[in-house]
1. Would you mention how many residues in the range 30-59 are farther than 20 Å from residue 14 by Cβ and either outside any helix (DSSP H, G or I) or touching a Gly at 6+ places or on another chain (Cβ under 8 Å) (or both)?
2. Of all residues in the range 60-99, how many are within 29 Å of residue 19 (Cβ to Cβ), modelled with pLDDT of 80 or more and either of a type outside the set (Lys, Arg) or in a loop (DSSP other than H, G, I, E, B) (or both)?
3. What is the one condition in (1) modelled with pLDDT of 90 or more; (2) surrounded by fewer than 12 Cβ atoms within 10 Å (Cβ to Cβ); (3) touching a helix residue (DSSP H, G or I) at 6+ places or on another chain (Cβ under 8 Å); (4) not small (Gly, Ala, Ser) that residue 12 does not satisfy?
4. Among the residues of the range 10-27, is there at least one that is among the hydroxyl-bearing types (Ser, Thr, Tyr), assigned to a helix (DSSP H, G or I) and without any contact (Cβ under 8 Å) to a residue 60 or more places away in the chain?
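The values are calculated or read from the model by the stated rules, or taken from the named source; none is laboratory data. Remember, predicted model here, so these are calculated numbers, not experimental data. Here the Cβ positions follow ideal geometry from the backbone for every residue, glycine too, while neighbour counts run over all protein chains shown.
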Amino acid sequence: MIISLIFFLHFLFGLVIFVRKWQEESLSAAFINIGLIIILFSVGWSIFTMITKLIFEPEGFGIWFDRDTITLTILSVTEYFFFRFYYSDIISQQEIKTE
């Protein structure tokens, strides 16, 4: 269940970035940004899986928070800080519009 939520939030984030880049720049820029998000997600997932296999058992902390969920949670937190820095122009425009 938690894994489904994490995947849905990644899909939603990718959709928002795609639409914003398509509107502000071009369709090719939107596809490039989606490609970046997909590559960082898949490479990050692989790297964090190797790290969590060293630390956690497959059961993790229970039925709802197993090793794969821990991996995706750590990846999501890391991506949050990276994308907040990388897309700071979009975030600052959003804050200006809401004030």
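1. Keep residues of the range 30-59 that are farther than 20 Å from residue 14 by Cβ, which gives 49-59.
Add one more test, that the residue is either outside any helix (DSSP H, G or I) or touching a Gly at 6+ places or on another chain (Cβ under 8 Å) (or both), and what stays is 56-59.
Count: 4.
2. Our first condition is that a residue be within 29 Å of residue 19 (Cβ to Cβ); within the range 60-99, this holds for 69, 71-99.
Those left that are additionally modelled with pLDDT of 80 or more: 69, 71-88.
Within this subset, residues satisfying the condition of being either of a type outside the set (Lys, Arg) or in a loop (DSSP other than H, G, I, E, B) (or both) are 69, 71-83, 85-88.
Going through the range 60-99 one residue at a time, the tally reaches 18.
3. If we test residue 12 against (1) modelled with pLDDT of 90 or more; (2) surrounded by fewer than 12 Cβ atoms within 10 Å (Cβ to Cβ); (3) touching a helix residue (DSSP H, G or I) at 6+ places or on another chain (Cβ under 8 Å); (4) not small (Gly, Ala, Ser), just (3) comes out false.
4. The initial filter retains those residues of the range 10-27 that are among the hydroxyl-bearing types (Ser, Thr, Tyr), namely 26.
Now drop any that are not assigned to a helix (DSSP H, G or I), which leaves none.
The answer is no, given that none of the residues of the range 10-27 is among the hydroxyl-bearing types (Ser, Thr, Tyr), assigned to a helix (DSSP H, G or I) and without any contact (Cβ under 8 Å) to a residue 60 or more places away in the chain.
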